[in-house]
Amino acid sequence: MKLFVSGVALAVSMTLFGVTLFGTAAQAQSPVVENVISACETEITSYCSQVSPGQGRLMACFFAHEDKLSVQCINALYDGMTALEQAVDAISYVASQCEEDINTKCGETVPGEGRIAECLLDNKAELSASCSGAIDEVGLQKAE
């Protein structure tokens with residue numbers, strides 16, 4: 001099963017933006033992550049109970065026990081990877097459409113933890129039409 005190479009990215013990347021993409025908060029306990037934890041509860045209890053969550057350690061444990069994972073757990077991991085891929089595509093699209101605006105409006109913003117996305121949203125009225133349109137297209141909005 002090759003799903004775990006990308007799966008490690010799911011655990012790490014769900015905290016990428018502190019904003020909402022596609023109606024799903026991309027924070028540590030997003031619905032996607034909660035779904036994986038719920039669907040893989042048996043595996044976590046049976047094989048990974050001694051693992052401290054964070055920094056991909058739980059995904060590494062899943063990888064070590066991949067031959068024992070239930071179909072339910074594997075499906076949740078695939079769903080999570082699909083959501084991550086959509087989020088990364090959306091972020092890449094917005095970044096390409098907003099490159100100039102990021103430089104001019106958010107150039108002083110320290111990257112990470114959704115600060116650039118928040119800066120763009122805070123300055124949305126002043127953004128170029130292509131940037132503003134990309135933000136609307138992907139459904140980027142501030143986290144609640």
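Could you check Val110 against (1) outside any helix (DSSP H, G or I); (2) surrounded by 13 or more Cβ atoms within 10 Å (Cβ to Cβ) and say which number it fails?
Going through (1) outside any helix (DSSP H, G or I); (2) surrounded by 13 or more Cβ atoms within 10 Å (Cβ to Cβ) one by one, Val110 breaks only (2).
Tell me yes or no: at least one residue of segment 71-82 is closer than 20 Å to Leu140 by Cα and either in contact with a Ser or Thr (Cβ under 8 Å, 6 or more places away or on another chain) or in a loop (DSSP other than H, G, I, E, B) (or both).
Yes, the conditions are met somewhere in segment 71-82.
Which pairs do you get when a residue that is within 15 Å of Ile74 (Cβ to Cβ) and among the polar types (S, T, N, Q), found in segment 41-60, comes within reach of a residue that is buried (at least 18 other Cβ atoms within 10 Å of the Cβ) and modelled with pLDDT of 90 or more, reach meaning Cβ atoms under 8 angstrom, with the pair 6+ apart or on two chains?
Thr42/Cys73
Can you tell me which residues in segment 58-84 are charged (D, E, K, R) and surrounded by 14 or more Cβ atoms within 10 Å (Cβ to Cβ)?
Answer for segment 58-84, where residues must be charged (D, E, K, R) and surrounded by 14 or more Cβ atoms within 10 Å (Cβ to Cβ): Glu66, Asp79.
Tell me whether segment 90-100 contains one or more residues that are in a helix (DSSP H, G or I), under 16 Å from Ser30 (Cα atoms), of a type in the set (Ser, Thr, Tyr) and without any contact (Cβ under 8 Å) to a residue 24 or more places away in the chain.
No.
Every residue in segment 113-139 that is closer than 24 Å to Glu34 by Cα, small (Gly, Ala, Ser) and assigned to a helix (DSSP H, G or I), please.
Correct list: Ala117 only.
The values are calculated or read from the model by the stated rules, or taken from the named source; none is laboratory data. As the structure is a prediction and not an experimental result, all values here were calculated from the model. Glycine also receives a Cβ, built like all others from the backbone with ideal geometry; neighbour counts cover every protein chain displayed.
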